[in-house]
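Read-outs throughout are calculated quantities, based only on the coordinates presented, and are distinct from any laboratory measurement. From a predicted model like this one, the values you see are computed outputs, not experimental measurements. Every residue, glycine among them, receives a Cβ derived from its backbone with ideal geometry; neighbour counts consider all protein chains shown.
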Amino acid sequence: MISVVKDAEARTLTITARFDAPLGRVWQVWSDPRQLERWWGPPMYPAMVTEHDLAPGGTVAYAMTGPEGERHGGRWRVSAVDPPHKLEFESGVADADGNPSSDAPTAVIRVALSEPAGGGTQMEITVVWASDEGMEWMLA
């Protein structure tokens, strides 16, 4: 992890990380649903990807199971993909069946992968919320 920058005025959270792995290998953590399951979500809440269409207009749906057995769903609507460099999607909450929640805020997430000087891969994830309330709700 290189940095985590929260900009309340711009309603963004930007996470930058560097990996000692080639660009194509790091892209696989997004493009392979089994690998995505291994790291997406908070610790102690394993994810299970139930739908994975990583193409513009496609959907990625998942469910996380908490320590008490509670299930939390999520759903992405993919808007842009440029393998292995770029991914953009709208992220929102879903019910246990994968249906999007209409009363929870959404955020646009932009992923950019690049090859910095010196080798490896840099990944920058930027989350953008439409409202202050949405940002506060998601970060809580």
Open item on the list: Helix-only mean residue ellipticity at 222 nm, the chain, DSSP H runs n ≥ 4 weighted -39,500 (n - 2.57), per residue, nearest 500. What is it?
Closed with: -4500 deg cm²/dmol
Open item on the list: Take Ser91 and Val5, extend 7 Å from each Cα along the Cα→Cβ direction, and tell me the distance between the two endpoints in nm.
Closed with: 1.8 nm
Open item on the list: Whole-Hz ³J(HN,Hα) for each residue in region 114-126, computed from phi via Karplus 6.51 cos²θ - 1.76 cosθ + 1.60 with θ = phi - 60°, x for glycine and proline: what do you get?
Closed with: 9, 10, x, 4, x, x, x, 9, 10, 10, 10, 10, 10
Open item on the list: How high is the relative contact order of region 66-117? Use alpha-carbon pairs under 8 Å, at least six apart in sequence, and give a whole percent.
Closed with: 33 percent
- [ ] Could you tell me which of Pro46, Ala21, Tyr62 has its Cα farthest along the dipole of the chain towards the positive end, charges placed at Cβ (Lys, Arg +1; Asp, Glu -1), taken about the Cα centre?
- [x] Ala21
Task: Size of electric dipole in the chain: Cβ of Lys, Arg +1 and of Asp, Glu -1, about Cα centre, debye, nearest 20 - done: 440 debye
Open item on the list: For region 1-96, place one equal point scatterer on every Cα, skip the solvent, and apply the Debye formula. What is log10 of I(q)/I(0) at q = 0.14, 0.17, 0.24, 0.25 Å⁻¹?
Closed with: -0.61, -0.90, -1.36, -1.37
Task: Using θ = phi - 60° and Karplus 6.51 cos²θ - 1.76 cosθ + 1.60, couplings along region 70-81 (whole Hz; Gly, Pro as x) - done: 6, 10, 10, x, x, 8, 10, 10, 6, 10, 8, 9
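Taking only C-alpha pairs under 8 Å that are 6+ residues apart, what is the relative contact order of the chain in percent?
23 percent
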TODO: Would you please give the residues with an amide H less than 5 Å from that of Ser101, counting only those at least 5 places away or on a separate chain, with H modeled from the backbone geometry?
DONE: Val93, Ala94, Asp95
TODO: Please turn the phi angles of region 24-41 into ³J(HN,Hα) values with the Karplus equation 6.51 cos²θ - 1.76 cosθ + 1.60 (θ = phi - 60°), one per residue in order, whole Hz, x for glycine and proline.
DONE: x, 5, 5, 4, 4, 5, 9, 7, 10, x, 5, 6, 4, 4, 6, 9, 6, x
Task: Simple label model, 7 Å out from Cα along Cβ direction - Glu37 to Glu51, nm - done: 1.8 nm
